[in-house]
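Notes for the one structure printed next.
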Amino acid sequence: MRQLLGLLTYSLFLFNTINSQAPKKASPSDIYHSIEELNFLGSALYIAAHPDDENTRLISYLANNTKARTAYLSLTRGDGGQNLIGPELRELLGVLRTQELLAARKVDGGEQFFTRANDFGYSKHPNETLEIWNKETILGDVVKVIRQFKPDVIINRFDHRSPGSTHGHHTSSAMLSYEAFDLANDPTAYPNQLSTSSTWQPKRLFFNTSWWFYGSQEKFEEADKSKLLSMDVGVYYPMLGMSNNEIASLASSQHLCQGFGRLTARGSESEYVELLKGDLPNDKNNLFDGIDTSWSRIKGGKAIGEILYEVQRNFNFINPSEHLPSLLKAYTLLQKTTDKHWKEIKTEELTNIISAISGLYLEASTETSYANPGETVSVQIQALNRSTINAKIKSVYINDQDLQLNAVALKNNEFFDKKIALHIPTTTEFTSPYWLIEKGTLGTYTVKNNNLIGKPESPSAFVATFNLDFNGVSIPIKKSVVYKFAKPEKGEIYQPFEILPEATASFADKVIIFADASEKRIPVIIKAHQDSISGSIELKYGEGWQVDKKEQAFFIAKKGDEKTVYFNLSPPSLENENSITPMIKLNGREITKELITIAYDHIPTQMVLLPSEAKVVRLNIEKAGDNIGYIMGAGDEVPTSLEQIGYNVQIIDPSTITEESLAKYDAVVLGIRAYNVVDELKFKQRFILDYAKNGGTVIVQYNTASRWGSQFENIAPFELEISRDRVTNENSEVEIIAKDNSLVNFPNKINANDFQGWVQERGLYFPDKWGSEFTPILSMHDKDEESTKGSLLIAPYGKGNYIYTGLSFFRELPVGVPGAYKLFSNMLSVGKDKVEIKEQIKG
């Protein structure tokens, strides 16, 4: 029977992993597992810097083996990384990675928290990181999470004693945790937090170490382990039908946008933690040794524990509902305890167990994914009691609206289904990730509502509270109002129910480049989020820019439809950077938001409202050549950016490359990490190099060091070794060391001003060794480091040229950095100056 239950649990586990938006369906094994967790009163907090930094093996072990309430505090949302599955970058990537972390926690059993720190990109030292983040702000957030979560043990992913040896974000996360361990119990530290929380002193602080931090297995074997604890995290869970490592693998595989999908791991595996603060446990296999994690921990808890331990010892897997009287008795006693923290946590856990053993199905769903303030929508209220337990609905509220569903008896397997009208108050705030509502800084998001700081996402706009009566015991059960629908190819799908403005407007391009003084026709896309809307739209623009019409009227008949209006925008005569914003005037309101939808199967669909604007840049830019072939790598927006300045860009399918197919291009560009991710290139490399040899220009953008395997002896025609060298300070000084080279002279003269306004970094994965055929063009360095000259290299090859660059054009061009456009145009124009001279001589 237990094997059968394990297989059932495993099947449901996989279903809920694939259909992540659906509510979880609990089997008897799940319920028993929840009771084990209910009877453990201890908490562990894991702290690191980014999504994917967390050790899912240890989080799963603590949640599923130790049964501790376990959470991961990621200081950032991973906004500065890259996206291997879609176009989302920066703040939108942060939204995606947030949801992937939540999906991972659904798998491994943990909870999720964040600070307001923005992942601004790679940082070499915590001094830089903490300055950009504003240390006091982010330290306060860590203290706040500790005070609210109240962990007994804290585990750092990284070593606070290693500044400068790894990513500055990593070390900073450990340094802040180390300091917050004591500050959380200091009433003079961040006293404003104490109106909604209380001081807390964790018992122990650990560093999740391994042989890797010691340099080798041999050094680790020889190291002093007197302060190390170890755990075998490869344990198998018969009740779940899975091992801990299998669960951990599935959890980390939720980080799909980072390419973390992987095979599941099985078998024995040791994890080590080093004690940094607190008392050393006697049992070096148990992080909680010596800490009271029983019900006796709280006042009045002994009597509750006597009931619940008995339920656990004699759990009925065939008919779990027989335990309801005991659970209701424990619930009643729990409401009398004065320990607010554990009362709140265990009430929620116990309520979920009572609902599960009752086979109780409660749901509030809409037939639309969103509504507007002031609108009335239909909500389907459904309830089903799939047991013989006496239960009835006393009342149902959605937020503060009484739905007048009183004294509804829930008889065994008799479905209750009723539609009600829900009024959306005009004061209801629009739904959007709370950390994106206000404009933040480079390093820190702005959050005005202090109650939201630390939370993984914005609370549901509307929550239904079902007040139920179980044999005279009143229990409120909360369910978020959701949107539910079905697709023939996917089945039943759940999405969050959102609140949106009546209309939003957006630009097709976020950066619009004017290469000369000619006007451009700017399309503005208006999307209706309500039927039959009519209003007007105007374009807000900066000084020196001109538009042909002040405003235009529009009408859209159907909700969800779009209408495109056009404005002719003329740039100033001189170089200029500015922005334009569409303003919708509708029903006396002005709306300047755009709506972006992030939809993937492994996360709930996200609707993100952001300020709608586009950057407009007037450049004085010259170019030579027109036709560019582009081989996509890991994904970037460089082709679109090049089209903005008049290039004809054709995306090349690597499988179609032949000796003749590349000849028509003035230059061939390989996108970021092309050699890392495009296997076909191992068969086509010779054609690419032959194209350069025969007179073409090949431009290779950055690839990660030595990750293209053995299929390439070298990605260049000459010696070229890529390192991990990078310059992370986007404002670092750049020296032009090959002043006479055409790359900095034709057709645009490049000078120091062209390296102003860069974002996130100068570049990454610069070569540190190259053949004498290459000429380095630029020299740059971060503070207190030696100069590196590998950011831009050019070598003549046969009749043509080969260029390798680690400069982050993939970041600079999409945000309209003028100097980056000029330099890229020069790369595309290499060799064309000689052609022009020949033509002039002929003329």
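Read-outs: derived from the displayed coordinates by stated rules, not from any lab. In this text the structure is predicted, and so the values were computed from the model without any measurement. Note that we place each Cβ from the backbone using ideal geometry, even for glycine, and neighbour counts take in every protein chain shown.
Place a +1 charge on the Cβ of each Lys and Arg in the chain and a -1 charge on the Cβ of each Asp and Glu, then give the dipole magnitude about the Cα centre in debye, rounded to the nearest 20. Don't skip to the answer; put the middle values down first.
Details: 89 positive and 105 negative charges, 386 e Å.
Computed about the Cα centre, the dipole is about 1860 debye.
Pull up the cross-link candidates among the lysines for residue 684, meaning alpha carbon to alpha carbon under 25 Å and not fewer than 8 places away within one chain.
Those lysines meeting the cut-off are 664, 693, 769, 799.
Based on the Cβ-Cβ distance from residue 302 to residue 733, what FRET efficiency comes out when R0 is 56 Å, to the nearest 0.05?
FRET efficiency, residue 302 to residue 733: 0.25.
Determine the calculated [θ] at 222 nm for the chain from helices alone, applying -39500 (n - 2.57) to every DSSP H run no shorter than 4 residues and normalising by the residue count; nearest 500 deg cm²/dmol.
Taking each H run of at least 4 residues, the total per residue is -7000 deg cm²/dmol.
Going by how many other Cβ atoms sit within 10 Å of their own, how do 273, 447 line up, fewest first? Intermediate results must be reported in sequence, preceding the final value.
Values: 273 24, 447 19.
Sorted ascending by nearby Cβ count, the order is 447, 273.
Can you tell me how the stretch 360-499 classifies by the Cα gyration tensor, rounded, prolate or oblate, using a/c under 1.5 as the rounded cut?
Prolate.
Can you tally the net charge around residue 192? Count Lys and Arg as +1, Asp and Glu as -1, for every other residue whose Cβ sits under 13 Å from the Cβ of residue 192.
Net of charged neighbours comes to 0.
Calculate the spin-label point distance for residue 568 paired with residue 182, positioning each point 7 Å from the Cα along the beta-carbon direction, and give it in nanometres.
The answer from the label model is 7.0 nm.
What are the ³J(HN,Hα) couplings of the stretch 547-559, residue after residue, when phi is run through the Karplus curve with 6.51, -1.76, 1.60 and θ = phi - 60°? Round to Hz, x for glycine and proline.
Listing the rounded values in order: 10, 7, 10, 5, 7, 9, 7, 8, 9, 10, 7, 10, 4 Hz.
Given 0.36 nm per residue, what is the gain on full extension from residue 266 to residue 292 after removing their alpha carbon distance, in nm?
Taking residue 266 through residue 292 to full extension adds about 6.2 nm, to one decimal.
Below 8 Å between Cα atoms, with a sequence gap of 6+, how large is the relative contact order for the chain in percent?
RCO, the chain: 9 percent.
Rounded to the nearest 0.05, what FRET efficiency do residue 406 and residue 329 give with R0 = 25 Å and r taken as the Cβ-Cβ distance? Could you check?
0.45
Among 25/411; 135/284; 478/559, which pairs are too far apart, with a Cα-Cα distance over 23 Å?
135/284; 478/559
Quote the FRET efficiency, to the nearest 0.05, computed for residue 282 versus residue 552 with a Förster distance R0 of 56 Å and r equal to the Cβ-Cβ distance.
Using R0 = 56 Å, I get an efficiency of 0.15.
Label points 7 Å out from Cα along the Cβ direction at residue 322 and residue 745: separation in nm?
Roughly 9.2 nm, to one decimal.
Over the stretch 82-240, what relative contact order in percent results from Cα pairs under 8 Å that are six or more residues apart?
It rounds to 21 percent for the stretch 82-240.
For the chain, what is the percent of antiparallel DSSP beta bridges, rounded to the nearest 5?
Numbers: 111 of 153 bridges.
Bridges in the chain are about 75 percent antiparallel.
Between beta-carbons, use under 9 Å as the cut-off and find the net charge around residue 572, counting Lys and Arg +1, Asp and Glu -1.
Net local charge, residue 572 excluded: -1.
Report the label-to-label distance for residue 223 and residue 361 in nanometres (one decimal), using points 7 Å from each Cα along the Cα→Cβ vector.
5.3 nm
Sorting 393, 31 on the 10 Å Cβ count, fewest up front, what's the list?
31, 393
Ordered by residue, what ³J(HN,Hα) values in Hz, to whole numbers, does the stretch 653-659 give under the Karplus form 6.51 cos²θ - 1.76 cosθ + 1.60, where θ = phi - 60° and Gly and Pro are x?
6, x, 5, 8, 5, 10, 4
At what distance in angstrom do the alpha carbon centres of the stretch 581-615 and the stretch 275-346 lie from each other?
The stretch 581-615 and the stretch 275-346 have Cα centres spaced 46 Å from each other.
Hey, fewest Cβ within 10 Å first, where do 295, 200 land in order?
So the ranking, lowest neighbour count to highest, is 200, 295.
Expected output is a single nm value to one decimal: the length gained when fully extending between residue 36 and residue 833, i.e. 0.36 nm times separation in residues minus the C-alpha distance. What is it?
Result for the pair: 279.4 nm of gain on full extension.
From the phi of every residue in the stretch 673-678, what ³J(HN,Hα) in whole Hz does the Karplus formula 6.51 cos²θ - 1.76 cosθ + 1.60 yield, where θ is phi - 60° and glycine or proline is x?
6, 4, 6, 7, 10, 9
Give me the extension gain from residue 161 to residue 773: residue separation times 0.36 nm, minus the current Cα-Cα distance, reported in nm with one decimal.
Numbers: separation 612, 0.36 × 612 = 220.32 nm, distance 4.26 nm.
Length difference between fully extended and current span is 216.1 nm.
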